[in-house]
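Undergrad: The structure follows.
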Amino acid sequence: MTNLSNDDRLRNFSRFVYVHPIYREAMEKVKDSISQTNSTGECLSAVLTGSTGTGKTTIIKTLMHSYTVDSVSIEREDAIVKQVPAYHCVVPADATIKSLAIEMLKHLDCGDTGGSATELTKRVSRLISTCETKVIFLDEFQHLLSKGAKNSKDSVTDWVKILTETTKTPVIISGMSECEELIDAHPQLSGRYPVRAKLTNISYAKNKYRYLSKVIDALSNACVEHAKVNSMPQLSQPPNLTAIYLATGGNMRSIRQMFTSALYRALKNDRDDVILEDFIEAVQGMRLNFRLTDENPFNLSAAEQEKILIRVS
């Protein structure tokens, strides 16, 4: 029994982050690249790539949090500015040097966004130093691939290269896997991004499915510990584990959405015990990304599940 409201219980569960091996390796690579660049002044930045829902934004938020400070004003000879140790900037669609520079200035708490691209660039470089910025996360970098002329893409990638050179500040590039194509097409930029951190969906190969099993156990335990339910169904072994994989493709966001929906159904029905039927209904009611079958995999026999696994492998 708990005094928490159902909304609080759901929120508490949503804040839980399980650091599985793929996630941990990617985060450590990015973290080390930031430290090395700041320590040596030599650009050893990272590219963080992965499909939607694999945890890129969660890694960025986690690393951003480690640089978070209370609002500190820095007094300079000509002005008082706010310290911005880290910021997360999304590359605009149809990005140009000017639009990207303006987006960065907003994160640096600068209201002066007028002027030419050259003037804006100088302002960005100066404020990165003045605001004592230690890392910049440049997200959705694949927007440069999806739209815009080749000249625009080339000019923006050159601009990022120059920015890393002039500021000596690590600029972490994040986005879909296509980001690497864009970076590798520009050798001078590629040379400044030797660290590649990749997030993938969790495999269900026979020698690796234990990773998925650990994730499911961790999320089940989080429901008990953080959402204060009494019990969870056994999910970390086949056939239920296989059903979860077929429903989600091993995508972390999809797995979490399924758990959240099942937990919500239990709490909505005034139950402190989450049962298997909650997961069956959750999967039935959602079209999860990376789902591997249109059928509800919880309703399939082990033999039927195996046939689908063979077909999609």
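Any read-out appearing in this document is the output of simple, stated calculations on the displayed coordinates, not a laboratory observation. If you're wondering where the values come from, they're calculated on a predicted model, not measured in any experiment. Using ideal geometry, Cβ is built from the backbone for each residue, glycine included, and neighbour counts are taken over all protein chains shown.
Undergrad: Give the residue from Ala101, Asn296, Ala86 lying farthest towards the positive end of the charge dipole for the chain; charges sit on Cβ (+1 for Lys and Arg, -1 for Asp and Glu) and the dipole is referred to the Cα centre.
TA: Asn296
Undergrad: Along the charge dipole of the chain, which of Thr260, Gly285, Leu246 sits closest to the positive end, that is, farthest toward it, with unit charges on the beta carbon of Lys, Arg, Asp and Glu (+1, +1, -1, -1)?
TA: Leu246
Undergrad: Another one. How would you order 123-131, 242-250 from highest to lowest mean count of nearby Cβ atoms within 10 Å?
TA: Values: 123-131: 18.8, 242-250: 24.3.
Answer by packing, highest mean first, reads 242-250, 123-131.
Undergrad: Rounded to the nearest whole Å³, what is the per residue volume of the convex hull around the Cα atoms of the chain? Please report the intermediate quantities before stating the final value.
TA: On the way: hull volume 50.1 nm³, N = 313.
With only Cα atoms used, the chain gives 160 Å³ per residue.
Undergrad: Using the Cα centre of the stretch 1-66 as the reference point, and only Cβ charges (+1 on K/R, -1 on D/E), how large is the resulting charge dipole? Debye, rounded to the nearest 20.
TA: So the dipole magnitude of the stretch 1-66 works out to roughly 180 debye.
Undergrad: Strictly over 31 Å apart at the Cα level, which of Lys61/Lys307; Lys29/Lys228; Lys134/Lys228; Lys31/Lys268; Lys29/Lys153 would you flag in this model? If you can, show how the numbers build up before the last one.
TA: Numbers: Lys61/Lys307 39 Å; Lys29/Lys228 34 Å; Lys134/Lys228 39 Å; Lys31/Lys268 40 Å; Lys29/Lys153 26 Å.
Pairs exceeding the cut-off: Lys61/Lys307; Lys29/Lys228; Lys134/Lys228; Lys31/Lys268.
Undergrad: Let me ask another. Find out how many positive minus negative residues lie around Ala247, taking Lys and Arg as positive, Asp and Glu as negative, among other residues whose Cβ is under 13 Å from that of Ala247. Provide the component values of the computation, followed by the final result.
TA: Numbers: positive: Arg253, Arg256, Arg287, Arg291; negative: Glu281, Asp294, Glu295.
Result for the neighbourhood of Ala247: +1.
Undergrad: Let me ask you something else. Taking Cα pairs under 8 Å and at least six residues apart, what relative contact order does the chain come out at, in percent?
TA: On the way: 469 pairs, mean separation 70.0, N = 313.
Computed value for the chain: 22 percent relative contact order.
Undergrad: With charges only on Cβ, +1 for K and R and -1 for D and E, what is the dipole size of the chain about its Cα centre, in debye, rounded to 20? Walk me through the numbers before you get to the answer.
TA: Details: 38 positive and 37 negative charges, 85 e Å.
Using only the charged Cβ atoms, the result is roughly 400 debye.
Undergrad: While we're on this one: So if we plug the beta-carbon distance of Lys61 and Arg311 into 1/(1 + (r/R0)^6) with R0 = 25 Å, what FRET efficiency do we get, rounded to 0.05? Spell out each step's value before the answer.
TA: Details: r = 36 Å, r/R0 = 1.46.
The formula returns an efficiency of 0.10 here.
Undergrad: In straight Cα distance, which aspartates and glutamates are under 18 Å from Lys214, not counting same-chain residues fewer than 8 positions off?
TA: Those aspartates and glutamates meeting the cut-off are Glu25, Glu225.
Undergrad: Provide the convex hull volume over Cα atoms per residue for the stretch 21-199, in Å³.
TA: On the way: hull volume 19.9 nm³, N = 179.
Enclosed volume per residue, from the Cα hull, is 111 Å³.
Undergrad: Hey, another quick one. Equivalent ellipsoid semi-axes for the stretch 8-69, as square roots of 5 times the alpha carbon gyration tensor eigenvalues: give them largest first, rounded to whole Å.
TA: Details: eigenvalues 130, 41, 16 Å².
Square roots of five times the eigenvalues give 26, 14, 9 Å.
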